[in-house]
Amino acid sequence: MELLNIDNITMKFGGLTAVNNFELKIIPGELIGLIGPNGAGKTTVFNMITGIYTPTINKIYFQDRDITGIKPDKITKVGIARTFQNMRLMDNLTVIDNVMIGFHLHLKSNLASAILKFPSYVREEESIYQKSMELLEKVGLEQFKLEKAGSLPYGQQRKLEIIRALATGPKLLLLDEPAAGMNPQETKELMGFIQNIQDDFNLTIFLIEHDMKVVMGICKRILVMDYGVTIAEGNPVEIQNNPEVIKAYLGVDANYA
Amino acid sequence: MKKQNEKILTILALIVLGILVYLAENNLDAYKLRILNLGAIYITLGVSLNLIYGFTGQFSLGHAGFMAIGAYVTTLLVLPPYYKEMIYILEPLAWPFTVIHAPFIVALFLSGLFAAIAAFIIGLPVLRLKGDYLGIATLGFAEIIRIVANNIPRVTNGALGIKGIPEFTNLWWSVGVAVVTIYIIKGLIESSYGRALMAIRENEIAAEVIGINLTYHKVMSFTISAFFAGVAGGLFACLLTTIDPKAFMFVMTFNILIVVVMGGLGSITGTVLAAFLFNFFLEYLRPIEAGFNIGPIKIPQIPGMRMVTFSALLLVVILYKQKGLLGGFEFSWKGFFQFINKLFKNKRSSEGSTR
């Protein structure tokens, strides 16, 4: 059974077709990459999966359940988490708070017991704190737990955003350009980190990335988009030798290159 | 410091506060008591507005409307029935209101409840708006409440207002309500729900994508905020002993907004401080209006001079402290003792250097 089944979706903004007939089936445990030149419609695909946009035509299924047009918070609840291309952390909140927020959607205590600090709530809060600390330790951010998230270096913020997404307990993790703005050393660490969390959390990962080293290095299957259309699909070697892909990226006919 | 110790300290502080209230009630004149009462009511109003604006980031200008609802509900419940017959001169009071009667505490609670119900009903559609648009929509709501109050004389006695409301509000009530408000709103802010509210303030899209139900949390915050505004409205009516729709014009909301912004958005401590400073300065600056001398220059009597000076003070605060007097700072026992320790150490080290 597929984890995610995107059935030929199309997204139109007025007269502009941002994504045209996008089709993808993701099997549990896969690590898939989505690449393409700027403006190809990659982030739009993510926005449709996470409910920020509703596809104009056709539907998306998650574990055989139709999730088209469901609100983003409900989609996160069924098990799809994401990060953003231009990080969206809660800059003025502490690092630990940023992670703890990720656990809020699974909170069992009701509002009254949270306000009046009933023992059941205090216990739940304590366990959320412990789990958040474990996540922070995983990325080595535990010593910054009381710093404001906005004051962390760029690479650390990226990691924080990823573990915040992990805190929601996803089955499918969508990463939108996780290596953007990282130096080669950080990028290398990130690749190891992504593979580690995939094993540790039993995740399926779907990522957008411009850094070819990352995509070719960790993804088993790659999709290439250009002008809203999927132009190629295959393993890294196939993609590297695909004339359509070379044309899209270099803008010349492969024969002349 | 252990949580247990902090609890004991808080209880001790409350006992001290109780003694202060007792002393004030027995020793101060009516004028000073009025200022203190208003200060305490402004704390309730400010802290509740801070919840929706400072912590949840939703720019709401509807507080005067919720206050008005609370003030009228309390008034109609605490006025003795025989007295109601006397004051509704233009048109007689409509039926259920002629007979209903409740003790002050029940009236206050119902005031909050009705304000909260109103907030829930208008919050659902209106909280989809963002920023200035939300501000305008909630301001519109407050104006509607005021105009409705003006035009249903069979309930509110219209523009004539209601006079002779029993003066139930004293410092025990106003300070007590302020303490309860702070306790509950602080409890909310420091819980997982509070984190969710602040996440919405920081970044709405990110908050939604990590699974926070925006509508639920915004409406919850708005409703709780309105509840306390309604209770404060009830206290307000029973302090002034007279209400009319004009008391709940935009200026009222604006005053609360000044308190919240001056104290610092997202700081309960700041709101408490600003609420007192606001009421204190409004009265303290009164002599300025009477005219006075600066050396040889004679300043004549100018009505309204007090407000001009006050605005100037406000400008200075905002110019030098953009985030309000206390910014995001919050009082804690831990911080308090660290501060005391520091003072002590500085003293000791300076003593050491003189030797």
The lone condition residue B:305 fails out of (1) surrounded by 10 or more Cβ atoms within 10 Å (Cβ to Cβ); (2) within 30 Å of residue B:186 (Cβ to Cβ) is (2)
Only one of B:97, B:104 is under 22 Å from the mean Cα position of the chain (by Cα), surrounded by fewer than 21 Cβ atoms within 10 Å (Cβ to Cβ) and hydrophobic (A, V, I, L, M, F, W, C), namely B:104
Given the condition away from every other protein chain (no Cβ under 14 Å) and either modelled with pLDDT of 95 or more or under 30 Å from residue A:51 (Cα atoms) (or both), answer yes or no: does some residue in region B:179-193 qualify? yes
Pair list, Cβ under 6 Å, 6 or more apart: region A:100-124 residue more than 7 Å from chain B (Cβ to nearest Cβ) and at positive phi, other residue surrounded by 13 or more Cβ atoms within 10 Å (Cβ to Cβ) and assigned to a helix (DSSP H, G or I): none
Determine, yes or no, whether residue B:219 is of a type in the set (A, V, I, L, M), more than 18 Å from residue B:266 (Cβ to Cβ) and surrounded by fewer than 23 Cβ atoms within 10 Å (Cβ to Cβ). yes
For region A:159-196, give me each residue that is assigned to a helix (DSSP H, G or I) and within 14 Å of chain B (Cβ to nearest Cβ). A:160, A:161, A:162, A:163, A:164, A:165, A:166, A:167
Residue check: is residue A:224 touching a residue at least 40 places away in the same chain (Cβ under 8 Å) and closer than 23 Å to residue A:24 by Cα? yes
Considering (1) away from every other protein chain (no Cβ under 12 Å); (2) part of a loop (DSSP other than H, G, I, E, B); (3) out of contact with any helix residue (DSSP H, G or I) (no Cβ under 8 Å at 6 or more places or on another chain), say which one residue A:143 fails and leave the rest. (2)
Any idea which residue in region B:1-45 is surrounded by the most Cβ atoms within 10 Å (Cβ to Cβ), counting only those that are more than 24 Å from the chain's Cα centre (by Cα) and not in a helix (DSSP H, G or I)? B:1
Limited to region A:197-222, what total is found for residues that are within 18 Å of residue A:40 (Cα to Cα) and at pLDDT 90 or above? 6
Please verify whether region A:208-229 includes one or more residues that are β-branched (Val, Ile, Thr), over 19 Å from the mean Cα position of the chain (by Cα) and away from chain B (no Cβ under 12 Å). yes
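Quick one: which of A:32, A:96 is closer than 19 Å to residue A:168 by Cβ, out of contact with any Asp or Glu (no Cβ under 8 Å at 6 or more places or on another chain), in contact (Cβ under 8 Å) with a residue 40 or more places away in the chain and more than 7 Å from chain B (Cβ to nearest Cβ)?
Only one candidate qualifies: A:96.
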Which listed residue is among the polar types (S, T, N, Q), within 14 Å of chain A (Cβ to nearest Cβ) and out of contact with any Cys (no Cβ under 8 Å at 6 or more places or on another chain), from B:213, B:293, B:255, B:279: B:213
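The values are calculated or read from the model by the stated rules, or taken from the named source; none is laboratory data. Computed from a prediction, not measured in an experiment: that's the story for all the values here. Note: ideal-geometry Cβ built from the backbone for every residue, glycine included; neighbour counts use all protein chains shown.
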